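The values are calculated or read from the model by the stated rules, or taken from the named source; none is laboratory data. For clarity, every value in this text was computed on a predicted model and none was experimentally measured. Neighbour counts run over all protein chains shown; Cβ positions are idealised from the backbone, glycine included.
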Amino acid sequence: MAVLKRFTRSLAIIATLCLVATGTVACGDDTESGEVALRYSWWGNADRADLMQQAIDLFEEENPGITVTPSFQEYEAYWQKLTTETAGGNMPDVLQMDFSYLREYADRGVLGGLDEHVGGDLVLDDLLAGFDGAGAVDGTLYAVPVGGNTWSMFYNPALFEQAGVPAPAIGWTWRDYHAAMATIKAETGTYGGGNYTGVIYNLEAQLRQEGSALFTEDGRLGFSKERLARFWQQGMDLIEQDVVLPVETAVQIKPASLWVDDLAASDLSWDNFLTRYAGETDTEIRLGPVPSDNPGQLGQYLKPAMLLSTSADTEHPEAAARLISFMINDPEVGRIFGGNRGLPATNAQRDAAELDGPLAAVAAYEETIADQLTQAPPAPPRGAGSIEAAFIRISEELHYGRIGVAEAVDQLFAEAEEILEP
Amino acid sequence: MTSSTVDSARPAAAGRRRPATPPSGRRNGDPMAGYLFLSPWIVGMLLLTVGPMAASLYLSFTDYNLFTTPEWVGLDNYRRLVDDDRWLQSVRVTAGYVLLAVPLKLAAALAVAMLLNQRRRGQGFYRAAFYGPSLIGASVSVAIVWKALFSDDAVVDRLLSWVGLDSGGWVGNPDFSLLMLVLLAAWQFGAPMVIFLAGLKQVPAELYEAAEVDGAGRGRRFWSVTLPMISPVLFFNLLLETINSFQIFTSAYVIGGRNGSPAGSTLFYTVYLYDRGFTDFRMGYASAMAWMLLLGVGLVTAMLFRTARGWVHYSGDNR
């Protein structure tokens, strides 16, 4: 017993020493400088880290008394780390947020409400029109967009021309698109496009063109089983006609896109992906409008691609808001990042960013459809990310012919039922 | 400062190391020092193993999304598992993988170990070369290279098409993707190989000589001398590899992604577990899965031990 006692006593001493040691370090920080220290987490790579440090240096210069410690991970690792940090009550003061995760975090009360800072530390007057209210969840502002993108048609003009198919233009319908793909396959031997029915955003585009949406206001699926069956059946027809890139090929080139070996003549994706695709091929790729059966309704919207939020537990909400404001408004920051964070979300930064090459093309494209862009949907419900993944997975099994359309539809609805439970 | 105290204490301790008779008071003395030296390990075990395990066991009975406090749901998570098609799929995929990968890897390890057991020039080089893959095999880069090797029109596909087997790339083919990962595992046979090599060295040469005198051929000597003599080593390797195989993650995640692409054919248990925990925010469910895996591996291990009585022979064994 005496041994145990002595053992616990020495443990206690060690513990006390540790506490004292860490305590002094922490105290030193506070008393010596009296500074506000912010932790700022974002996803990205080393390139972006360089730019970010430049931007942070500028911020610290203009805001003496605030120091910012950045940390970053690749996208997947970022979310894993953020969830564990949040669970451990150790969330960074300012953090990069994704549209599809916004509600997940906001609903659980871990993000700081920003409304009280708007007009003060947080200036939002210069945001692009399409971004009004983006980042709000149920009426409270939890995030501010840094950049945005919109869904669009990518195409290889050379192949379109070779097949004698007119380039995508506003007014073309899904039927036109299917016919174009078939002609291109017949005339050039190259697949007309990727199988767009494997991506949920194409369903979303069609739904928005019809006046509905992917999710209802109360966070349920916004479409019927019949509607989804019709969508997926279209994909099966395209496979049968052999005009779209076969799933076997699409799967094995991942994470590269179908542009990598000029495997197909068209595909639908977020417009800022053009920079990525341009790096994968020497062939010219252009942007065009998404097909629509409803004239005057493209269903496209400006999606906040990357947002900034604060932690609900931050001790310095004002400083955090000021950092966000600086990151989205400061023209110099816009110049530093250029198109690195997607097309900037404020006019000042858009003007300051020297956009060249693909990004200039993206900006020009967004310009041409600017009056067609409709209001972005509210932040998707909790679990939207999981539904997107399930959609990819189930349509893949469908395209492999492992399940039929009816079964695929049933599976998606069953999973949505489970994922979207209140 | 501390280091100097340690240094100055050393000669004194060394001087005390071999006293003619141990001082009697010290014999039942104070195990304090022992505990103190053990404490990094004890603290580590409590904080890093026992603690998290207890926490995960608790969480497996809760609905826990990582942000809000866990909510007790009893056996709900476990009950849901049975109705979860993807869980069943992951169990099937993993079981198939273990059944294929473990025997193949062990056979490769034993075969190469027997080759390397012979005396020949450059033996050290061969041993190192064959061991190499298991040093780097679990890394992300190897998985990426492996994927490239088995893609459409890549090395493997071309070789196969020369002999008239047109597979069209294994990466995108759900019938072949699992096999690709099995081969990746078998390729990393280095660790069991080294253990086999040690076992083979222990087999007394007299036994082979006696068998040869009795007229036993190569095959007969293998079955009647080598295998029984190395059976403890074989059993050890079998256990280790089985347990390891159940936990395959990195290569599967890199090649198949979180959905076990293509068409769920590489949806391993751990991949699904990770997906559930970190992308679906269902940590309680993931914890329940982890405990079911522990239970499953435990059961398989127990079964292996049971069958081992029949075929593992230890020297000096009277049975």
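Remark: pairs (first residue in the range A:93-113, within 10 Å of chain B (Cβ to nearest Cβ) and among the β-branched types (Val, Ile, Thr); second residue surrounded by fewer than 24 Cβ atoms within 10 Å (Cβ to Cβ) and in a helix (DSSP H, G or I); Cβ separation under 9 Å; 6+ apart in sequence or on different chains) = A:Val110/A:Thr86. Among the residues of the range B:256-273, those identified as crowded, with 24+ Cβ neighbours inside 10 Å and more than 10 Å from chain A (Cβ to nearest Cβ) are B:Thr266, B:Phe268, B:Tyr269, B:Tyr272. Contact map, the range A:233-262: first residue within 14 Å of chain B (Cβ to nearest Cβ) and in a helix (DSSP H, G or I), second residue among the aliphatic types (A, V, I, L, M) and surrounded by fewer than 14 Cβ atoms within 10 Å (Cβ to Cβ), Cβ cut-off under 7 Å, separation 6 or more or different chains; pairs are A:Ile253/A:Val260.
Quick check: is even one residue across the range B:292-301 within 14 Å of chain A (Cβ to nearest Cβ), over 30 Å from B:Met114 (Cβ atoms) and part of a helix (DSSP H, G or I)? For the range B:292-301, residues within 14 Å of chain A (Cβ to nearest Cβ), over 30 Å from B:Met114 (Cβ atoms) and part of a helix (DSSP H, G or I): absent.
Within the range A:173-200, restricting attention to residues that are touching a helix residue (DSSP H, G or I) at 6+ places or on another chain (Cβ under 7 Å) and assigned to a loop (DSSP other than H, G, I, E, B), the residue that is farthest from A:Val405 (Cα to Cα) is A:Thr190.
Against the condition of a type outside the set (Gly, Ala, Ser), more than 13 Å from chain A (Cβ to nearest Cβ), in a helix (DSSP H, G or I) and on the phi < 0 side of the Ramachandran plot, how does B:Arg276 come out, does it pass?
In short, no.
Of everything listed in (1) touching an Asp or Glu at 6+ places or on another chain (Cβ under 7 Å); (2) buried (at least 18 other Cβ atoms within 10 Å of the Cβ); (3) without any contact (Cβ under 8 Å) to a residue 40 or more places away in the chain, the single unmet condition for A:Gly193 is (3). Among the residues of the range A:345-393, those that are within 30 Å of B:Gly264 (Cα to Cα) and either among the hydrophobic types (A, V, I, L, M, F, W, C) or modelled with pLDDT under 85 (or both) comprise A:Ala379, A:Ala384, A:Gly385, A:Ile387, A:Ala389, A:Ala390, A:Phe391, A:Ile392. Could you say whether any residue in the range B:129-139 is within 14 Å of chain A (Cβ to nearest Cβ) and out of contact with any Ser or Thr (no Cβ under 6 Å at 6 or more places or on another chain)? No, the range B:129-139 contains no residue that is within 14 Å of chain A (Cβ to nearest Cβ) and out of contact with any Ser or Thr (no Cβ under 6 Å at 6 or more places or on another chain). Based on this model, can you work out whether B:Gly168 counts as closer than 29 Å to B:Ala263 by Cα, more than 14 Å from chain A (Cβ to nearest Cβ) and either modelled with pLDDT under 80 or surrounded by fewer than 19 Cβ atoms within 10 Å (Cβ to Cβ) (or both)? Spelling it out, it is not the case that B:Gly168 is closer than 29 Å to B:Ala263 by Cα, more than 14 Å from chain A (Cβ to nearest Cβ) and either modelled with pLDDT under 80 or surrounded by fewer than 19 Cβ atoms within 10 Å (Cβ to Cβ) (or both). Filtering the range B:68-92 to residues that are within 14 Å of chain A (Cβ to nearest Cβ) and either surrounded by 20 or more Cβ atoms within 10 Å (Cβ to Cβ) or touching a residue at least 40 places away in the same chain (Cβ under 8 Å) (or both) leaves B:Pro70, B:Val73, B:Asn77, B:Arg80, B:Leu81, B:Arg86, B:Trp87, B:Gln89, B:Ser90. Scanning the range A:180-187 finds no residues that are under 30 Å from the mean Cα position of the chain (by Cα), acidic (Asp, Glu) and farther than 24 Å from A:Asn347 by Cα.
Each row is one residue, and each column tells you yes or no for (1) more than 18 Å from A:Gln96 (Cα to Cα); (2) polar (S, T, N, Q).
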position	(1), (2)
A:Arg322	no, no
A:Pro331	yes, no
A:Thr346	no, yes
A:Asp351	yes, no
A:Leu355	yes, no
A:Tyr365	yes, no
A:Gln372	yes, yes
A:Glu396	yes, no
A:Ile419	yes, no
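The condition of being at pLDDT 95 or above, more than 30 Å from A:Tyr201 (Cα to Cα) and either within 14 Å of chain B (Cβ to nearest Cβ) or surrounded by 15 or more Cβ atoms within 10 Å (Cβ to Cβ) (or both) does not hold for A:Arg9.
Annotation for the range B:239-252: no member residue is touching a Phe, Trp or Tyr at 6+ places or on another chain (Cβ under 6 Å) and within 12 Å of chain A (Cβ to nearest Cβ). Could we say that A:Gly189 is more than 14 Å from chain B (Cβ to nearest Cβ), within 26 Å of A:Tyr301 (Cα to Cα) and not polar (S, T, N, Q) here? Criteria not met by A:Gly189.
When the residues of the range B:279-291 are filtered to those that are touching a residue at least 60 places away in the same chain (Cβ under 8 Å) and assigned to a loop (DSSP other than H, G, I, E, B), the one that is farthest from the other protein chains (Cβ to nearest Cβ) is B:Arg282.
Every residue, every condition in (1) in a loop (DSSP other than H, G, I, E, B); (2) modelled with pLDDT under 90, yes or no:
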| position | (1), (2) |
| --- | --- |
| B:Arg120 | yes, yes |
| B:Ala128 | no, yes |
| B:Ile144 | no, yes |
| B:Asp153 | yes, yes |
| B:Val156 | no, yes |
| B:Asn173 | yes, yes |
| B:Gly199 | no, no |
| B:Glu206 | no, no |
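Among the residues making up the range A:322-343, those that are assigned to a helix (DSSP H, G or I) and either at pLDDT below 90 or aliphatic (A, V, I, L, M) (or both) are A:Leu323, A:Ile324, A:Met327, A:Ile328, A:Val333, A:Ile336, A:Phe337.
So that you can scan it fast, the table gives a plain yes or no per residue for (1) polar (S, T, N, Q); (2) closer than 30 Å to A:Ala363 by Cβ; (3) surrounded by fewer than 16 Cβ atoms within 10 Å (Cβ to Cβ); (4) more than 14 Å from every other protein chain (Cβ to nearest Cβ):
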site	(1), (2), (3), (4)
A:Asp57	no, yes, yes, yes
A:Ala77	no, no, yes, no
A:Gly88	no, no, yes, no
A:Gly120	no, no, yes, yes
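Filter the range A:395-411 down to residues that are more than 13 Å from B:Pro262 (Cβ to Cβ) and crowded, with 22+ Cβ neighbours inside 10 Å and give me whichever is nearest to the other protein chains (Cβ to nearest Cβ). Filtering the range A:395-411 for residues that are more than 13 Å from B:Pro262 (Cβ to Cβ) and crowded, with 22+ Cβ neighbours inside 10 Å, the one nearest to the other protein chains (Cβ to nearest Cβ) comes out as A:Ala408.
Could you please find all residues in the range A:369-389 being among the hydroxyl-bearing types (Ser, Thr, Tyr) and without any contact (Cβ under 8 Å) to a residue 60 or more places away in the chain?
A:Ser386
Taking residues in the range A:47-71 that are within 18 Å of A:Asp93 (Cβ to Cβ), and partners anywhere that are among the basic types (Lys, Arg), the pairs with Cβ atoms closer than 9 Å and at least 6 places apart or on different chains are A:Phe59/A:Arg322; A:Asn63/A:Arg322; A:Ile66/A:Arg322; A:Val68/A:Arg39; A:Thr69/A:Arg39; A:Pro70/A:Arg39; A:Ser71/A:Arg39; A:Ser71/A:Lys81. Looking across the range A:364-389 at every residue that is touching a strand residue (DSSP E or B) at 6+ places or on another chain (Cβ under 6 Å) and of a type in the set (A, V, I, L, M), the one that is nearest to the other protein chains (Cβ to nearest Cβ) is identified as A:Ala379.
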